[in-house]
1. Check off (1) touching a strand residue (DSSP E or B) at 6+ places or on another chain (Cβ under 6 Å); (2) aliphatic (A, V, I, L, M); (3) within 11 Å of chain C (Cβ to nearest Cβ); (4) in a loop (DSSP other than H, G, I, E, B) for A:Ala228 and give me the number that stays unchecked.
2. Of everything in the range A:306-330 that's farther than 23 Å from A:Arg37 by Cα and not in a strand (DSSP E or B), which residue is nearest to the other protein chains (Cβ to nearest Cβ)?
3. Which residue pairs have Cβ atoms closer than 8 Å, lie 6 or more positions apart in sequence or on different chains, and pair a first residue in the range A:300-321 that is touching a residue at least 12 places away in the same chain (Cβ under 8 Å) and surrounded by 16 or more Cβ atoms within 10 Å (Cβ to Cβ) with a second residue that is assigned to a helix (DSSP H, G or I) and not hydroxyl-bearing (Ser, Thr, Tyr)?
4. Output the number of the condition that B:Tyr165 fails; it satisfies all remaining conditions of (1) outside any loop (DSSP other than H, G, I, E, B); (2) within 12 Å of another protein chain (Cβ to nearest Cβ); (3) of a type outside the set (Lys, Arg); (4) surrounded by 22 or more Cβ atoms within 10 Å (Cβ to Cβ).
5. Every residue in the range B:77-129 that is small (Gly, Ala, Ser) and closer than 30 Å to B:Trp240 by Cβ, please.
6. How many residues are in contact (Cβ under 8 Å) with a residue 40 or more places away in the chain, farther than 24 Å from A:Arg6 by Cα and among the small types (Gly, Ala, Ser) if we restrict to the range A:28-76?
7. Which condition from (1) crowded, with 17+ Cβ neighbours inside 10 Å; (2) touching a Phe, Trp or Tyr at 6+ places or on another chain (Cβ under 9 Å) is the one that C:Arg131 breaks?
8. Quick check on my filter: what residues within the range B:117-147 are touching a Ser or Thr at 6+ places or on another chain (Cβ under 7 Å) and buried (at least 17 other Cβ atoms within 10 Å of the Cβ)?
Amino acid sequence: MIRMSRVIISAINLTKYFPVQRGFLERLISRKLEYIRAVDGVDLEIKEEETFALVGETGCGKTTTGRLLVRLLEPTGGDIFFRGIRITHIKGEELRKLRRHLQIIFQDPYASLNPRMKIGDAIGHPLEIHDIAKGREKRQIVLEMLEKVGLTPAERYYELYPHQLSGGERQRVVISRAMILKPDFIVADEPISMIDVSLRAKILELMVDLKKEFHVTYLFITHDLATAKYISDRIAVMYLGKIVELATTDELFSNPLHPYVKALISAIPRPGPKAERERLLLRGEIPSPINPPSGCRLHPRCPFKIRICSKEEPKLLEKERGHYVACHLY
Amino acid sequence: MKRTPLSRTIIPPLRKIRRLNLSEYWIAISGAVIIIVVSLMAILAPLIAPYDPIETVGDSLEPPNTRFLLGTDNIGRDILSRIIYGSRISLSIAFLASIISMIIGASLGLLSGYIGGTFDTTLALIMDSMYAFPSIILAIAIAYVLGPGILNVTISIGIVYIPVYFRMIRSEVLSTKESLYVEAARAIGASDRVILLKYILPNVTASLPVVFSLNATDAILIEAALSFLGLGLPAPTPDWGFDLKNGYHFITAGYWWPVTFPGLMIIITALGFSLLSEGLSEILNPRLREV
Amino acid sequence: MKCLLNINELKVYYFTRRGVVRAVDGVSLNISRGEVLGLVGESGSGKSTLGISLLGLVPPPGRVVGGSIIFDGIELTKLSADEFAKIRGRRISMIFQDPMTSLNPLMKIGDHLMETIMIHENIPKNEARERSIKALEEVGIPPERFNDYPHQFSGGMRQRVMIALAILLNPDLIIADEPTTALDVIVQAQIIDLLNNLRKQYNMSILLISHDIGVVSEIADKIAVMYAGHLVEMADVDVIFKDPLHPYTSALLRAVPLIESKYEKLYYIPGSPPDLVNPPKGCRFHPRCPHATDICRTREPRTVSIEDHIVKCWMYCDTYE
């Protein structure tokens, strides 16, 4: 896309620390509070109507970042801007109104639906909360939405309870509920990872279709690079609370720079003839985010480390147009 | 592993009850039958009682005979009629007291669990210290302060059981408020009031019927005990506990009927509630009736 | 290659309140010595039930109701609990998805390994200890962690402990049920590489059960695809990817985003997996199949084999009948 897109949501040096839960005895012994540095200085800009994927392994902070951006968590530091307005610490009624524009889809579609609420009421509830529609008008909008996501006959689905639906159907309900307010920005947190394999494609396709119709921007959070490649325009890869590389999807796969990203890509299982291919395997596993390694957080596992890596933290810098990487090698 | 709130596992079976074979639930059904019979007795008391329960209608301490099916007490009142009328008192106190404790206990538990913080800590501390007392002793103490009378007995029994509901609802709220659907409700912009009433409340009340009937069992027994101790209802109100105490003076002299029949009624009614509670929890708790 | 395991028309049903769940409904397959068979299917396809039935661990109300499992000449379905216990762990061992549930949290992993050896073999303690340490080294766990408890290990390390336990008695067959599903990609790749090395070293047979056809393809020689209790297709791994015959297999391959996908657009399979209490008549895949004809809706297809390629679909029955 040539035209300069406007930024819809941006984060500057965003951080979120969670205090470590400790037992009674531990609290007596040591007074020092420890923190899990779930998100530790993230900068990103998401452009209007793009699909931006946030990729990383368990515990890298991608989910926390998503929840921070829609203000379900209170940031420890940094700033969040929505269409240029600072929303980092807004509260109360103002925040409630903002929720109309920022939505989230969770990983577990069953747990994110109230088991005691009918599907129709669950999808229509946002309309009532924001005084958009009530009664028959609400019902009509919900029925249309059900049709759109393929839950037909809509009249029947309206009256069902979550436990009467399959996993894929439940996720469509959750997507409908997020979409019904016609939000500008949706965080989709691993929306297909708990869905049956044969139904995943359907959900992805549905999300793409709805995006075209509602002109919504997605932050697509996933651990699966292949899914990210399929759905996203740009990708940011996180490691231990930081973004290590950010580029357009094509660029990231054709020219990965960061050793971690290279390792991630080479670790993806590839079907087909077992050609001898060189895998770049990192040693060990992700260290604890309580005391992350000094300097570059990957350095204890990195096969290319140089002396500076353990001392100085690399900054996320633009190497090529639109291709950012945080690594001393570049 | 995260604990699944009891309520979440309960919901599907609740809907299935209609389809299920009734013979599997004989415990709950027999409990319900007992309670319905006793309730009918209470409602229809003026129609079915042969005599006025507070009038002297026969000789003192007549053994069961054709005129007085269950005999008479020391001042010549018909024991059958007193038992029938007594069910009114016992049942209404049991129901009212349980409703009082349920409403107060459950709403406090709901608020305390949801709001959290110092409010929650303080309330939980108060409730736990109440809970630590044996219920009968606490009831005696409150009844003593309030003085005798139907209302006061009801209140004192009601207060005693507030912590039971409080603790149950609060713990359910604590796990439910962390659930994803509550977070989802917040994400769509629901206010605290809406979250509490539409998302949390319906999901924490599933075990209330079980606790309610268990609680009613205790209420019947405590009411009888309070009356027995003279802290209950003033004479000559027909009341099982009061009659039990009254009849007990004569048992050593061989007059067994004034004490036996009120005692039996207390046991049967308590048994009815207890069976209902047991049966309900079996129906409602899928873990007890897995495939 | 010599045949190690022969499953013939195996039927495992669960007798639940809702009705009979036909989890495995007439599955036949062979595993040769030293071969890795990948068993692929969605949740509820019966792949895990098939796995645990090989260990005699089908939980009630489930039961093996028909067919035979012949392992190295022994009919497993006829074994008593005691006889099975001698085979389990020693000749057939298992790796689960979640190692935490199969490791005693109060037991040091070293003791765990030593106990496992000493249950099956009458050997002195220090010998058991040596062998345990050796097993840990083979899976890449340094000996100094011998006295650590399971919770001190990360997810990937725990799975390594599970693998050490599984190879400890040098079994002929390892059943690995979703061994990498709970792990992240990089650790998953480490574990896959480990399994690959171990199988070469010990010439073990592995039944690798997974919903992820990508993971399976990294290590398996052959792939078997299950759908709703039936084995619908089985062939060499390359053949499955190049030339899938069953419509479900080809749909499944196109339904998952792959990093080097030859398909531009994802294909999705309409409908949902069937309820195994009331499976569809005829071919169980017919309600979701784009090629379904009348015969598919009424009669269950036979399993035909075209050279080494086994498929259960009417499209291939006519040609070869």
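The values are calculated or read from the model by the stated rules, or taken from the named source; none is laboratory data. Here the structure is a predicted model, which is why all the values come from computation and not from measurement. Using ideal geometry, Cβ is built from the backbone for each residue, glycine included, and neighbour counts are taken over all protein chains shown.
1. The number of the failed condition is (4).
2. Of the residues in the range A:306-330, the ones farther than 23 Å from A:Arg37 by Cα are A:306-307, A:318-323, A:329-330.
Pick out the ones that are also not in a strand (DSSP E or B) and you get A:306-307, A:321-322, A:329-330.
Details: A:Ile306: 22, A:Arg307: 25, A:Arg321: 24, A:Gly322: 21, A:Leu329: 19, A:Tyr330: 21 Å.
Ranking the qualifying residues of the range A:306-330, first place goes to A:Leu329.
3. As it stands, the answer is A:Cys302/A:Pro259; A:Cys302/A:Cys309, since those pairs meet every condition given.
4. Tallying (1) outside any loop (DSSP other than H, G, I, E, B); (2) within 12 Å of another protein chain (Cβ to nearest Cβ); (3) of a type outside the set (Lys, Arg); (4) surrounded by 22 or more Cβ atoms within 10 Å (Cβ to Cβ), B:Tyr165 fails exactly one: (2).
5. Within the range B:77-129, the first condition is being small (Gly, Ala, Ser), and the residues that meet it are B:81, B:86-87, B:90, B:92, B:94, B:97-98, B:101, B:105-107, B:109, B:112-113, B:116-117, B:124, B:129.
The answer is B:Ser81, B:Gly86, B:Ser87, B:Ser90, B:Ser92, B:Ala94, B:Ala97, B:Ser98, B:Ser101, B:Gly105, B:Ala106.
6. 4
7. Condition not satisfied by C:Arg131: (2).
8. First pass over the range B:117-147, keeping only residues touching a Ser or Thr at 6+ places or on another chain (Cβ under 7 Å): B:119-120, B:123-124, B:139, B:142-143, B:146.
The answer is B:Asp120, B:Leu123, B:Ala124, B:Ala139, B:Ile142, B:Ala143.
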